[in-house]
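Data block below; observations after.
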Amino acid sequence: LLRSLRLALQKRPVEQDAIERAANDIIRQLEQSGEADITTKIIGEKAMEKLAGLDPIAYVRYASVYKDFREVTDYSTFIADLD
């Protein structure tokens, strides 16, 4: 999780402490959910929520991998939905 967040935030103006706090927040939320099994879909959605609040470029980067963007139209549709 932390590696994925760092990768999305690479070369972005976000402090390492903020990235670690985001990862810890996600882990805490998942632990508090009480669920024995947590899907990668839930983890990915939580990561996207955190990235949206940290940096919009990192959010789109992460989404492009998480949602498996294959064409430029995938990006433009995703970005248009942000507005």
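Among the residues making up region 28-49, those that are out of contact with any helix residue (DSSP H, G or I) (no Cβ under 9 Å at 6 or more places or on another chain) and either more than 20 Å from Val60 (Cα to Cα) or touching a residue at least 40 places away in the same chain (Cβ under 8 Å) (or both) are Arg28, Glu31, Gln32, Gly34, Ala36, Asp37, Thr39. From the residues in region 1-52 that are under 18 Å from Tyr66 (Cα atoms) and among the hydroxyl-bearing types (Ser, Thr, Tyr), which one is least open to solvent (accessible area, probe 1.4 Å)? For region 1-52, the residue satisfying everything is Ser4.
The values are calculated or read from the model by the stated rules, or taken from the named source; none is laboratory data. This structure is a prediction, so every number in the text was calculated from the model and none was measured. Every residue, glycine as well, gets a Cβ built from its backbone with ideal geometry; the counts of neighbours run over all protein chains shown. Ligands, DNA and RNA are excluded from the accessible area calculation, which covers all protein heavy atoms including side chains. Shrake-Rupley method; radii C 1.70, N 1.55, O 1.52, S 1.80 Å.
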